[in-house]
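Visitor: The structure's right below; bear with me while I get my questions together.
Every read-out reported here was derived from the displayed coordinates using simple, explicitly stated rules and does not represent laboratory data. Owing to the predicted nature of the structure, the values given are computational and were not obtained by experimental measurement. With ideal geometry, Cβ positions are generated from the backbone for all residues, glycine too; neighbour counts draw on all protein chains shown.
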Amino acid sequence: MKKLLQKLPSAGASPLRIRKILEWGCACGLLLTIVLTAAAVRYQTVCARVCGDTLRLHILANSDTVEDQLLKLQVRDAVLEQVTAATQYAETKQQAVQTLRTAMPDLQRTAQRTLRHAGSSQQVQCRLEEIPFAARRYSGFWLPAGTYTALRIELGSAQGHNWFCVLYPALCVGSSEARYADTEENALVFGGYQVRFALLDTARNVWQKITD
């Protein structure tokens with residue numbers, strides 16, 4: 001900034017020099033706008049890909065009583081064990097979804113049986129649907145806000161606090177090898193995402209010429 005101020009025209013500067021400096025300033029501003037817009041579009045594109053390539057699990061408890069929340073966790077454990085066995089060989093989110101569709105009746109029976117063994121008469125509803133989620137940071141990874149495909153399991157009236165995680169990639173079970181196929185998606189979810197463009201380097205060069 002100090003260098004730029006020193007470059008500002010003095011009272012005796014020629015009109016040509018003033019014009020050149022103004023043109024450089026306008027060019028730099030326009031280029032910076034283009035770079036920032038492109039970066040924002042690229043970021044949103046990667047976020048959308050993450051949403052489209054992720055399968056989540058969403059379990060809603062009957063209520064927020066201690067008993068109902070404990071029942072929710074029991075159902076979670078039983079369902080996760082079955083889901084992990086069913087989807088562990090899925091290579092894409094689409095394969096995982098298709099496997100869950102096939103296994104849905106068994107999953108519902110597992111959840112219902114878990115409640116019954118715990119002495120609860122609550123009914124279970126299981127379905128796959130598109131659900132909007134807020135951005136959420138888990139231990140070791142982060143998911144952007146957006147609409148995700150989710151296995152939704154409702155217990156009883158489903159008015160209690162929920163529990164959710166990621167079925168594909170298999171992040172729920174803490175698999176160290178669970179990753180997205182796309183490098184940018186992994187960088188966004190697990191950290192280290194950077195947007196780099198040739199335009200950004202160009203903008204830096206223009207700024208350097210102005211300030212030198």
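Visitor: Using r as the Cβ-Cβ distance of Met104 and Tyr43, and R0 as 35 Å, what FRET efficiency do you calculate, to the nearest 0.05?
Guide: Details: r = 35 Å, r/R0 = 0.99.
In this case the efficiency is close to 0.50.
Visitor: Turning to a different aspect of this structure: From the phi of every residue in region 155-162, what ³J(HN,Hα) in whole Hz does the Karplus formula 6.51 cos²θ - 1.76 cosθ + 1.60 yield, where θ is phi - 60° and glycine or proline is x?
Guide: Result, rounded to whole Hz: 9, x, 7, 6, 9, x, 4, 9.
Visitor: Quick query: amide H of Asp53 versus all other amide H atoms, modeled in the peptide plane; which residues come in under 5 Å with a sequence gap of 5 or more or a different chain?
Guide: Here nothing satisfies the definition.
Visitor: Roughly how many nanometres apart are two label points built 7 Å out from the Cα toward the Cβ at Thr65 and Asp77?
Guide: 2.1
Visitor: Please give me the summed charge of the neighbours of Ala178: other residues whose Cβ is under 15 Å from its Cβ, Lys and Arg +1, Asp and Glu -1.
Guide: Working: positive: Arg56, Lys93, Arg179; negative: Asp53, Glu91, Glu177, Asp182, Glu185.
Computed value for this residue: -2.
Visitor: Can you classify region 96-177 as rounded, prolate or oblate using the Cα gyration tensor, where a ≥ b ≥ c are the square roots of its eigenvalues, rounded means a/c under 1.5, and otherwise it's prolate if a/b beats b/c and oblate if not?
Guide: Details: a/c = 1.78, a/b = 1.57, b/c = 1.13.
Since a/c reaches 1.5 and a/b is larger than b/c, the shape of region 96-177 is classed as prolate.
Visitor: Enumerate the calculated ³J(HN,Hα) couplings along region 51-63 in order (Karplus 6.51 cos²θ - 1.76 cosθ + 1.60, θ = phi - 60°), each rounded to whole Hz, writing x wherever the residue is Gly or Pro.
Guide: Once θ is set to phi - 60°, the couplings for region 51-63 become 4, x, 9, 10, 10, 10, 10, 9, 10, 10, 6, 4, 7 Hz.
Visitor: For a quick check: with amide H placed at 1.01 Å from N, whose amide H comes under 5 Å from Val166's, ignoring anything fewer than 5 positions away on the same chain?
Guide: Residues meeting the criterion, in which the H sits 1.01 Å from N, are Leu57, Leu171, Cys172.
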